[in-house]
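The values are calculated or read from the model by the stated rules, or taken from the named source; none is laboratory data. Keep in mind it's a predicted model, so treat the numbers as computed, not measured. Counting neighbours? That spans all protein chains shown, and the Cβs are built from the backbone with ideal geometry, glycine included.
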């Protein structure tokens with residue numbers, strides 16, 4: 001298995017795990033936060049959905065010269081619009097599907113190409129692995145929030 005195939009597999013697995021784990025969040029906890037500065041499960045889901053859409057561009061090798069302040073404003077606005085769980089999950093699935101399609105079109109020699117982006121100038125291999133790592137890291141946040149309200153079960157997607 002090469003690094004592209006591995007990133008595809010990890011992305012598919014992490015999407016499945018993230019969505020599966022999210023189904024165990026009770027409706028009354030979707031907008032709950034342990035502190036005023038902490039994100040709610042719904043905000044984490046919206047963030048992942050918007051990020052998945054945004055990660056497609058650098059994954060295809062397209063540079064972005066938009067000022068960082070503008071991108072952060074766009075991200076914040078897009079995340080705020082996602083207030084419905086099913087809608088946000090659909091946006092997440094759509095972004096990941098586009099990302100997977102982009103990954104499947106890559107060749108190994110593409111992975112070292114540096115993509116200029118306001119967040120970081122990094123090779124396509126970085127963006128490809130960020131796709132699954134981002135879901136993995138935020139999935140851990142969902143796991144932690146669940147333990148706060150007493151859900152200590154393992155919700156491993158099979």
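Structure above, values below:
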{"quantity": "Segments classed as helices (runs of 4 or more DSSP H), wholly inside region 1-100, with at least 1 members that are over 17 Å from the mean Cα position of the chain (by Cα)", "calculated": "3-22, 68-81"}
{"quantity": "Single match in 131, 126 (criterion: out of contact with any strand residue (DSSP E or B) (no Cβ under 6 Å at 6 or more places or on another chain), surrounded by 13 or more Cβ atoms within 10 Å (Cβ to Cβ), modelled with pLDDT under 95 and in a helix (DSSP H, G or I))", "calculated": "131"}
{"quantity": "Residues of region 145-158 satisfying the condition of being surrounded by fewer than 12 Cβ atoms within 10 Å (Cβ to Cβ) and within 21 Å of residue 11 (Cα to Cα)", "calculated": "154, 156, 158"}
{"quantity": "Region 101-123, residues that are outside any helix (DSSP H, G or I) and either more than 23 Å from residue 70 (Cα to Cα) or touching a strand residue (DSSP E or B) at 6+ places or on another chain (Cβ under 8 Å) (or both)", "calculated": "106, 107, 111, 112, 113, 114, 115, 121, 122, 123"}
{"quantity": "Filter result (in contact with a helix residue (DSSP H, G or I) (Cβ under 9 Å, 6 or more places away or on another chain), more than 23 Å from residue 17 (Cβ to Cβ) and surrounded by fewer than 18 Cβ atoms within 10 Å (Cβ to Cβ)) within region 80-115", "calculated": "80, 81, 83, 107, 108, 110, 112, 113, 114"}
{"quantity": "Filter pass, residue 100 being at pLDDT below 95 and closer than 16 Å to residue 129 by Cβ", "calculated": "no"}
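Each row is one residue, and each column tells you yes or no for (1) in contact with a strand residue (DSSP E or B) (Cβ under 7 Å, 6 or more places away or on another chain); (2) more than 14 Å from residue 135 (Cα to Cα); (3) surrounded by 13 or more Cβ atoms within 10 Å (Cβ to Cβ).
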| position | (1), (2), (3) |
| --- | --- |
| 6 | no, yes, yes |
| 11 | no, no, yes |
| 23 | no, yes, no |
| 27 | no, yes, no |
| 41 | no, no, yes |
| 47 | no, no, yes |
| 52 | no, no, yes |
| 58 | yes, yes, yes |
| 65 | no, yes, no |
